[in-house]
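Have a look at the structure below before the remarks.
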Amino acid sequence: MIGSQMELMRLSLEVGVFLRMHEIKKRNGPSDFDFKRACQFGSVLATKGDVLQYGSKKKGEAADLMAGLIDAVAILAFLPGGIDFLGLHWEAGK
């Protein structure tokens, strides 16, 4: 991933995860279903992560994948100690 793409991804995550964490907090935190969904997203990312790097011919596929990544990171930020990804740290706290 070239530098500008990495910076764009980091910026998208910084903003998107913050906003998603706020939405989750408003509904009193993540549910068991949210945690299950976040864990399942790992398989999606493992098989389609290249779409975030190189794009896709399928319209909206990269955007959908980024939205899923933002959602998963925001949910995992509610775990004790939070989550580190791409040199960034999120922790939803109590």
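List of remarks:
- Residues of segment 82-94 satisfying the condition of being surrounded by 15 or more Cβ atoms within 10 Å (Cβ to Cβ) and under 15 Å from Met6 (Cβ atoms): Phe85
- Lone qualifier among Lys48, Lys25 - being surrounded by 14 or more Cβ atoms within 10 Å (Cβ to Cβ), closer than 14 Å to Ala92 by Cβ and not aliphatic (A, V, I, L, M): Lys25
- Among residues of segment 54-64 being charged (D, E, K, R) and surrounded by 14 or more Cβ atoms within 10 Å (Cβ to Cβ), the one that is nearest to Leu13 (Cα to Cα) is Asp64.
- Residue match in segment 23-37 (condition: within 12 Å of the chain's Cα centre (by Cα) and free of Cβ contacts under 8 Å to residues at least 40 places away in the same chain): yes
- Residue count, segment 1-22 (criterion: over 21 Å from Gly93 (Cα atoms), of a type in the set (Gly, Ala, Ser) and surrounded by 11 or more Cβ atoms within 10 Å (Cβ to Cβ)): 1
- Cross-chain or 6+ apart pairs with Cβ under 8 Å, segment 40-53 first and under 22 Å from Leu11 (Cβ atoms) and among the aromatic types (Phe, Trp, Tyr), then modelled with pLDDT of 95 or more and part of a helix (DSSP H, G or I): Phe41/Gly68; Phe41/Leu69; Phe41/Asp71; Phe41/Ala72
- Residue list for segment 65-81, filter: surrounded by 15 or more Cβ atoms within 10 Å (Cβ to Cβ) and either without any contact (Cβ under 8 Å) to a residue 24 or more places away in the chain or hydrophobic (A, V, I, L, M, F, W, C) (or both): Leu65, Met66, Leu69, Ile70, Ala72, Val73, Ala74, Ile75, Leu76, Ala77, Phe78
The values are calculated or read from the model by the stated rules, or taken from the named source; none is laboratory data. Just so we're clear, the structure is a prediction, and the values are computed from it rather than from any experiment. For neighbour counting, all protein chains shown are included, and Cβ atoms are generated from backbone atoms with ideal geometry for every residue, glycine included.
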